[in-house]
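Below is one structure, written out as structure tokens; the observations come after it.
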Amino acid sequence: MNPLKRTRKTISHGLSNSQSRSTNSPHHSPSNASRSKIHKIGNRMVFSKKGFSVNRGRVAGQISPRVTICSLPDNVLLDVFEFCLSNRSDKTRAWAMQSPNQNPLDRARAWSKLVRVCQRWRYIVFASPLRLDLRLLCTDRTPVKKMLDVWPPLPIEIQYFSVHLRVEDNIIAALEHPNRVRRIRLGRISIPLDRLVAVMQELFPELESLYLEMYGTTLPVLPNTFLGGSAPRLRSLHLTRIPFPTLPQLLLSSNDLVDLHLEQIPHSGYISPEAMAMCISALTSLTNLSIGFTSPASRPDPITRPPPPLTRAVLPALTNFCFHGVSAYLEDLMARIEAPLLEVIKIAYFNQLVFDIQQLPRFIGHAPALISCDTAYMLIYNDKVLMGFSSMRRPSYTRFLTLEIPGRGVDWQVSSLAQMCNQLSESFIMSCIETLYIDKILCTLPLTLQDEMDERQWLELFHPFTTVRTLYLSQMIHPHIVSALRGLSGETATEVLPALDNLYLQEHWGIESVQQDIEPFIIARQRSGHPVSIHPWDGNR
């Protein structure tokens, strides 16, 4: 959009007058009188062939005089620029996160257009680099060396969604200014890292965000001298398939780190749970933590495993935690940390025979937001099973706790779920579950053709759910669960799901026969004084 058009749009929404604001102050709240004054000016703005003008009002029989935008004082124009750049920056960064292959104009390109309008605008913009947060953006479409020679020595952002040989020299040219680099995002790196790592051995004192994503088979280990061994201003770190075993040493200097994402860690970059716990315990501002491994071989040595400490480190700001690996690693890590403000936890295990999750109930029990869940989900796929916990009392339907287990065959999947639920029965989260959904989705074959399982496994799965009052069963699941429930009679009818009041069955063409099959269970519950009502369900949650 033309800068003048954007300025008109900005002023018409009411901008602030910053007569009392210092030139480089990033925080200022203008008075209501100032906002009203600028809003009135904006309402009288009209557009002509000569640019913007202000309509001062009409006198009967006279043509209304106009004043161009150049009549606005410098501080008002600075307000316009700041508002314009802030809005564009927020929107385009959100767009870039949702669609990483897009390359939209952002703050850096927006201000570069403003300074080309006239010498006065150029002076206003460059006189307030801190307030306007001016930065040079280096992308695959940017002639980096030429840009760095032309523009003033402003902070640098490096953003490449795909790194290949043709852009390597441009990236190195930008990295050769370590004192100016603020953000680095290098995605889908398909070339050896040797040259890039070599130029990143120096200290980057202003670096705030680092994103590296390796794409290929060659995974060189980052040395302990990477970034000069220190990143004092780092707030966000995202490494994907990047082995960096000495990372804990680097993070000792990053006390303000907010986001830490270590995805698909190769075995060559294994970091022990003891070292990881010691590392993150010093990050008091850490809000989002993600740890994931590529191989189940990344696990603690059972022989040299040290005992858990007597006291645990508290992560006071952590609200989101994701993990992908073996249960033994997560157990050792959780035995050393606590996160009282944790709101969302997502766990994906590797396929294993035995799941030892004794620390997970304790870890959940120290997070009030997690123990407030009242709804559980079991989603059975062809190659995995997923169990989630959420709260229907909250406006958001986010699953606060998610457990994912790979494996084929419903018998294996139900057995794994039963292991999890029996160990979670000791936590507060299971004692609060009142609604349970069970669904089998994305199936290529009917359940009867895929699995021959002992239907009593379903009853073992239900034993920990002693407080469930409402049970929802999808059409691909309920024939088998109903068959297991109908075998219960007398006192055994209340041993499984003793608090159950309502049973919802998804409607389909054979629902009548299923209702007949469940009748013995309904009669047994009626006689025991714990009746259960049958209801149709449309499949929506």
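Summing Lys, Arg as +1 and Asp, Glu as -1, what charge do residues with Cβ under 13 Å from the Cβ of Leu461 carry, Leu461 excluded?
Details: positive: Arg456; negative: Asp411, Asp454, Glu455, Glu460.
In short, -3.
Pop a pseudo-label 7 angstrom from the Cα along the beta-carbon direction at both Glu202 and Asn502 and give the gap in nm to one decimal.
6.7 nm
Give, as a single signed number, the net charge of other residues whose beta carbon lies under 9 Å from the beta carbon of Ala328, with Lys and Arg counted +1 and Asp and Glu -1.
Local net charge: -1.
So which GluC sites (Glu not before Pro) in the range 272-366 pass both tests, a DSSP loop state and at most 13 other Cβ atoms within 10 Å of the Cβ?
none
Starting from the Cα of Ser295, step 7 Å toward the Cβ, then list every residue of the range 249-282 with an amide N under 12 Å from that point.
Answer for this model: 265-270.
Each label point is 7 Å from the Cα along the Cα-to-Cβ direction; what then is the distance between the points at His530 and Val354, in nm?
Between His530 and Val354, the simple spin-label model gives 3.2 nm.
Below 8 Å, C-alpha to C-alpha, sequence gap of six or more: please give me the relative contact order for the range 196-293 in percent. Display every interim value, and only then the final one.
Numbers: 198 pairs, mean separation 25.4, N = 98.
Relative contact order for the range 196-293 comes out at 26 percent.
I want to check the label-to-label distance for Met392 and Asp454. Put each point 7 Å from Cα in the C-beta direction and report it in nm to one decimal.
Inter-label distance under the simple model: 3.3 nm.
May I ask you to derive the relative contact order of the range 264-398, considering only C-alpha pairs under 8 Å and at least 6 residues apart, and to give it as an integer percent? Working shown, then result.
On the way: 211 pairs, mean separation 26.4, N = 135.
20 percent.
May I ask you to rank Cys432, Cys70 by accessible area, largest first, using a 1.4 Å probe over the protein chains only? Write out the running numbers ahead of the final one.
Working: Cys432 50, Cys70 85 Å².
If we order Cys432, Cys70 from most to least accessible, we get Cys70, Cys432.
Using only the heavy atoms of the protein chains and a 1.4 Å probe, how would Lys346, Lys384, Lys145 rank by accessible area, largest first?
Numbers: Lys346 100, Lys384 60, Lys145 125 Å².
The most accessible residue leads, giving Lys145, Lys346, Lys384.
Around Leu136, which amide H atoms from residues at least 5 apart in sequence, or from another chain, sit under 5 Å from its own amide H, with H modelled in the peptide plane?
Ile156, Glu157
How would Asp79, Asp256 line up by accessible area, probe 1.4 Å, largest first? Spell out each step's value before the answer.
Details: Asp79 5, Asp256 75 Å².
So, going from the largest accessible area down, we get Asp256, Asp79.
Which value, in Å² rounded to 10, gives the accessible area of Leu78 with a 1.4 Å probe and all protein chains present?
10 Å²
Please compute the net charge surrounding Gln515, taking Lys and Arg as +1 and Asp and Glu as -1 over other residues with Cβ under 12 Å from its Cβ. Kindly include the intermediate steps, with their values, before the conclusion.
Numbers: positive: Arg486; negative: Glu507, Glu512, Asp517, Glu519.
Charge balance near Gln515 sits at -3.
Nearest 0.05, what FRET efficiency do His267 and His366 give at R0 = 25 Å with Cβ-Cβ as r? List each step's numbers first, then the result.
Working: r = 31 Å, r/R0 = 1.25.
For R0 = 25 Å, the calculated efficiency reads 0.20.
The values are calculated or read from the model by the stated rules, or taken from the named source; none is laboratory data. It should be emphasised that the depicted structure is a prediction, and the values quoted were computed from it without experimental measurement. Cβ sites come from the backbone with ideal geometry, for glycine too, and all protein chains shown count toward neighbours. These area figures cover heavy atoms from the full protein model, side chains too; ligands, DNA and RNA do not enter into them. Shrake-Rupley method; radii C 1.70, N 1.55, O 1.52, S 1.80 Å.
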